[in-house]
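**Q** Quick one: the structure is below, questions incoming.
The values are calculated or read from the model by the stated rules, or taken from the named source; none is laboratory data. Note that the structure is predicted; figures quoted are calculated from it, not measured. Cβ atoms come from the backbone with ideal geometry, glycine included; neighbour counts cover every protein chain shown. All accessible areas refer to the heavy atoms of the entire protein, side chains included, with ligands and DNA or RNA removed. Shrake-Rupley method; radii C 1.70, N 1.55, O 1.52, S 1.80 Å.
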Amino acid sequence: MEPGQANTNGATAPKQVFFFDIDNCLYPKSAKVHDLMADLIDRYFATHLSLPWEDAVRLHKEYYQNYGLAIEGLVRHHQIDPLDYNAKVDDALPLDGVIKPRPDLKKLLADIDRSKVKLWLFTNAYVNHAKRVVKLLQVEEFFEGITFCDYAATPLACKPHPDMYQKAMREAGVEKYEDCFFVDDSYQNCKKAQELGWTVAHLVEDDVKPPRTPACKFQVRHLDELRAAFPQFFKPESSGTD
């Protein structure tokens, strides 16, 4: 599995691609990685922008809502070093012991017929964090590549900006929007993907209130419900959970 590089090993690659978000998607929100990250981001805002804590929290939220990632606001308005940010936030997360292998996830991915669809990771995180999480989950073998938010790039592109979806398509080697399938826990990311023509499942966990207006065609409570949403991609002998 290499970032941004489709590897077909000379074989005919499937025309369709199933993109998987990583954080709060391949592992549950109950792992509270988002909370750990939010605290580190707030600390970064407070320290590097010399802001009182309340102002740091408010500005973090504002940038996240406006741009999809707090770092994009920091780069746009404060010219911070994005790789320094990555070192102090994403790479500083204490993930060991927090993110653990999930047998149900491994079974789900193993039951997908990869002769019919290519599996590709699609994240707003930087590559270091993405590879770290997937390694802890022990699911690297199932994915052919990763499209990540390149913090060093100018301009910075992340979901839900259309450029990020087009980047994912280029890197995964898929040309048509209708050949793209996607699961993500973010309402805005799912909504934009569907607007572009992707077929999308919005992951809304049991303890999360469903949106009043669905983000996209499918809404699932658990990743295992992807079997019913996209039965064409699963091996005939796979029958889901017992």
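**Q** Can you bin the chain into rounded, prolate or oblate? Criterion: square roots of the alpha carbon gyration tensor eigenvalues sorted a ≥ b ≥ c, rounded for a/c under 1.5, prolate for a/b above b/c, oblate for the rest.
**A** Values: a/c = 1.70, a/b = 1.57, b/c = 1.09.
Prolate is the answer for the chain, as a/c is 1.5 or above and a/b outweighs b/c.
**Q** By accessible area of protein heavy atoms, probe 1.4 Å, what ranking do Glu141, Glu175 get, highest first?
**A** The ranking, largest first, comes out as Glu175, Glu141.
**Q** Where a Cα-Cα gap under 12 Å defines reach, which aspartates and glutamates qualify for Lys107, not counting those fewer than 8 residues away within the same chain?
**A** Correct list for Lys107: Asp224, Asp242.
**Q** Going by accessible area, probe 1.4 Å, with all protein chains left in place, what is the ranking of Tyr27, Tyr126, Tyr187, largest first?
**A** Descending accessible area places them as Tyr187, Tyr126, Tyr27.
**Q** Still on this structure: Go ahead and set up a Gaussian network model of the chain, Cα springs under 10 Å, then flag whichever of Leu95, Leu51, Leu156 fluctuates most.
**A** Result: Leu51 has the largest fluctuation of those listed.
**Q** What is the angle, in °, between the Cα long axis of helix 53-67 and the longest principal axis of the Cα atoms in the chain? Nearest 10 is fine, range 0 to 90.
**A** Approximately 40 degrees, to the nearest 10.
**Q** Let me know the shape class of the range 146-189, please: from the alpha-carbon gyration tensor, a ≥ b ≥ c as square roots of the eigenvalues, rounded when a/c is under 1.5, otherwise prolate if a/b is greater than b/c, or oblate.
**A** Values: a/c = 2.03, a/b = 1.25, b/c = 1.62.
Taking the square roots of the gyration eigenvalues as a ≥ b ≥ c, the range 146-189 is oblate.
**Q** Within 12 Å, Cβ to Cβ, of Lys61, how many net charges do the neighbouring residues add up to if Lys/Arg are +1 and Asp/Glu are -1?
**A** On the way: positive: Arg58; negative: Asp42, Glu54, Asp55, Glu62.
Overall, the nearby charge balance is -3.
**Q** So for Lys209, Lys159, Lys106, what's the accessible-area order with a 1.4 Å probe, most first? Show your work: numbers first, answer last.
**A** On the way: Lys209 175, Lys159 0, Lys106 65 Å².
Correct descending sequence by accessible area is Lys209, Lys106, Lys159.
**Q** Okay, next question. With angles folded into 0 to 90 degrees, how steeply does helix 127-137 sit against the dominant principal axis of the chain? Use alpha carbons for both and round to 10.
**A** Roughly 50 degrees between the two axes.
**Q** Where does the chain land at 222 nm, in deg cm²/dmol rounded to the nearest 500, when only DSSP H runs of n ≥ 4 count, each adding -39500 (n - 2.57), divided by all residues?
**A** After summing the helix terms and dividing by residue count, I get -11000 deg cm²/dmol.
**Q** Still on this structure: Net charge around Asp163, counting only other residues with Cβ within less than 13 Å of its Cβ (Lys, Arg = +1; Asp, Glu = -1)?
**A** Values: positive: Lys159, Lys167, Arg170, Lys192; negative: Glu72, Asp150, Glu171.
Around Asp163, the surrounding residues sum to +1.
**Q** Follow-up. Rounded, prolate or oblate, given the Cα gyration tensor of the range 111-242, with a/c below 1.5 counting as rounded?
**A** Values: a/c = 1.44, a/b = 1.21, b/c = 1.19.
Because its axes are fairly even, with a/c under 1.5, the range 111-242 counts as rounded.
**Q** If I fit a long axis through the Cα atoms of helix 187-196 and take the longest principal axis of the Cα atoms of the chain, what angle between them do I get, 0 to 90°, rounded to 10?
**A** 60
**Q** Is there a pair in Lys29/Lys191; Lys116/Lys209; Lys106/Lys167; Lys61/Lys217 whose C-alpha atoms are over 24 Å apart, and which pairs would that be? All intermediate terms of the calculation are to be shown ahead of the outcome.
**A** Details: Lys29/Lys191 20 Å; Lys116/Lys209 34 Å; Lys106/Lys167 27 Å; Lys61/Lys217 28 Å.
Long pairs (Cα-Cα over 24 Å): Lys116/Lys209; Lys106/Lys167; Lys61/Lys217.
**Q** Can you give the net charge of the other residues whose Cβ lies under 13 Å from the Cβ of Phe45, counting K and R as +1 and D and E as -1? Numbers along the way, then the final one.
**A** Details: positive: Arg43, Arg58, Lys61, Lys88; negative: Asp39, Asp42, Glu54, Asp55, Glu62.
So the environment of Phe45 carries a net charge of -1.
**Q** Given contacts defined as C-alpha pairs under 8 Å and at least six residues apart, what's the relative contact order of the range 75-213, whole-number percent? Let's see the in-between values first.
**A** Values: 135 pairs, mean separation 24.0, N = 139.
Computed value for the range 75-213: 17 percent relative contact order.
**Q** Name the residue, out of Gln232, Gln188, Gln16, whose mean-square fluctuation peaks in a Gaussian network model built on the chain with Cα pairs under 10 Å.
**A** Taking springs between Cα atoms under 10 Å, the residue moving most is Gln232.
**Q** Heavy-atom accessible area of Arg132 with all protein chains present, probe 1.4 Å, nearest 10 Å²?
**A** 70
**Q** Turning to a different aspect of this structure: Report, in debye and to the nearest 20, how large the dipole of the chain comes out about its Cα centre when Lys and Arg carry +1 and Asp and Glu carry -1 on their Cβ.
**A** Values: 30 positive and 37 negative charges, 84 e Å.
The dipole of the chain has a size of about 400 debye.
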